Amino acid sequence: EISDAERVFDELVAHEKRIEPRDWMPEAYRKTLIRQISQHAHSEIIGMQPEGNWITRAPSLKRKAILMAKVQDEAGHGLYLYSAAQTLGITRDTMTQQLIDGKAKYSSIFNYPTPTWADMGAIGWLVDGAAIVNQVPLCRASYGPYGRAMVRVCKEESFHQRQGFEILLTLMQGNEEQRAMAQDAVNRWYWPSLAMFGPPDDQSPNSAQSMKWKIKRFTNDELRQRFVGMLVPQAEILGVTLPDPELRFDEETGEYAMGEIDWDEFFEVLRGNGPCNAERLERRRTAHEEGAWVREAAAEYTRKQALRAER
Ligand code: 3HC
């Protein structure tokens, strides 16, 4: 027998209405939203590191300015999403501590190194491209604060994707060495960006329930297919080869047949054993410790303001 409150909740979701912070919601709905939104926020913040590595090394002032703007956007996306998660009753400090203690997940993709400038192009084109495919449906997530946060995030992501494409296009119109650098970056980022969408549908324990609650609108494999369908024509324009010899469009299924993703590697990265996991967490921990004085100063300022207001 379900309660009246749960019946109202089910009705709202069934009629594509938003669930707002003060609405009643099943504890499991709250819990999975805190899980997904906090991980999404952590991904944005950790995602600043691979690209941040190239802000001081950008090949021109123009590229430096664009990259700085992009990395600042990612910080904003993170803060947006932490705020959305806080409406569900978890605090910013708790989420930060979970990340720093290595207890929180963040997107696997950010545990890979960025050895060349072409990585900035491959990340923009592939990682932000994948993020757009994943985040556009999230604009319609049943939880109000999450769906609304995604609208602004998606607008900025399309700029991120375009500037990445343009970096690769410029390199592919360059000399042999530049073309090889672009192809090398695409070879290294292609498969991990497919894995970003999550494990295959038959190994995705959260998907069924998330789709019932209209948090997730499409399955992991559906979005992966959509992403590859987007990449193929763009790769042709770029003149890069997607590093999957088995990739071909299957007229019957209307889908792309593709090679196997290395799920062992994926789950190793999730266990914290990717190429850069330790370095990413160490950087985040140090930044938090070095930022303690700012938080203390802000708290002291607020205390003094409150005292002044009482006089
Ligand atoms: N990296 C790390 N963990 C992942 C993952 C990935 N790429 N894909 C799946 N997982 C985890 C899930 O979190 C889950 O673990 P948990 O239960 O402990 O949370 C487990 O693997 C099983 O996966 P499921 O498919 O069952 O989990 P979900 O239903 O949550 O689907 C998801 C995974 C598609 C990533 C979903 O959580 C989602 O859409 N999240 C929001 C989008 C997001 O986080 N994007 C990350 C990129 S942020 C970004 O791109 C920044 C951009 O500006 C560059």
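Here residue 124 meets the list (1) within 14 Å of the ligand (Cβ to nearest atom); (2) more than 30 Å from residue 62 (Cβ to Cβ); (3) not basic (Lys, Arg) almost entirely, failing just condition (2). Is one or more of the residues making up the stretch 260-274 over 27 Å from the mean Cα position of the chain (by Cα) and assigned to a helix (DSSP H, G or I)? No. Here is the figure for the stretch 205-224: residues that are crowded, with 18+ Cβ neighbours inside 10 Å and in a helix (DSSP H, G or I) total 5. Checking the structure you have, find out if any residue of the stretch 205-220 is touching a residue at least 40 places away in the same chain (Cβ under 8 Å), under 26 Å from residue 118 (Cβ atoms), in contact with a Phe, Trp or Tyr (Cβ under 8 Å, 6 or more places away or on another chain) and not β-branched (Val, Ile, Thr). No: the stretch 205-220 contains no residue that is touching a residue at least 40 places away in the same chain (Cβ under 8 Å), under 26 Å from residue 118 (Cβ atoms), in contact with a Phe, Trp or Tyr (Cβ under 8 Å, 6 or more places away or on another chain) and not β-branched (Val, Ile, Thr). From the list 99, 79, 61, 67, the lone residue that is modelled with pLDDT of 95 or more and over 19 Å from the mean Cα position of the chain (by Cα) is 61. Kindly provide the set of residues from the stretch 6-24 that are within 17 Å of residue 144 (Cβ to Cβ), out of contact with any Asp or Glu (no Cβ under 9 Å at 6 or more places or on another chain) and surrounded by 12 or more Cβ atoms within 10 Å (Cβ to Cβ), ordered by number. 10, 13, 18, 19, 20, 21, 23, listed by residue number. Figure legend. Inter-residue proximity from the stretch 252-275: first residues under 19 Å from residue 230 (Cα atoms), second residues away from the ligand (no atom under 12 Å from the Cβ) and small (Gly, Ala, Ser), beta-carbon distance below 9 Å, spacing 6+ or different chains. Indicated pairs: 255/229; 256/229.
Summed over the stretch 180-202, residues that are under 17 Å from residue 107 (Cα atoms) and part of a helix (DSSP H, G or I) total 8.
A quick yes/no check of all residues on (1) under 17 Å from the mean Cα position of the chain (by Cα); (2) among the acidic types (Asp, Glu); (3) at pLDDT 95 or above:
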site	(1), (2), (3)
158	yes, no, no
162	yes, no, yes
173	no, no, yes
210	no, no, yes
214	no, no, yes
236	no, yes, yes
246	no, yes, yes
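A count restricted to the stretch 86-111 and to residues that are hydrophobic (A, V, I, L, M, F, W, C) and more than 23 Å from residue 51 (Cβ to Cβ) stands at 2.
Looking only at residues of the stretch 97-116 that are surrounded by fewer than 20 Cβ atoms within 10 Å (Cβ to Cβ) and among the polar types (S, T, N, Q), we find that the one that is farthest from residue 267 (Cα to Cα) is 116.
If a residue has to be assigned to a helix (DSSP H, G or I) and either closer than 22 Å to residue 116 by Cα or out of contact with any Leu (no Cβ under 6 Å at 6 or more places or on another chain) (or both) to count, how many in the stretch 4-61 make the cut? So the count comes out to 30.
The values are calculated or read from the model by the stated rules, or taken from the named source; none is laboratory data. Everything quoted here is computed from the prediction, not taken from an experiment. Neighbour counts are summed over all protein chains in view; Cβ atoms, including those assigned to glycine, are modelled from backbone coordinates with ideal geometry.
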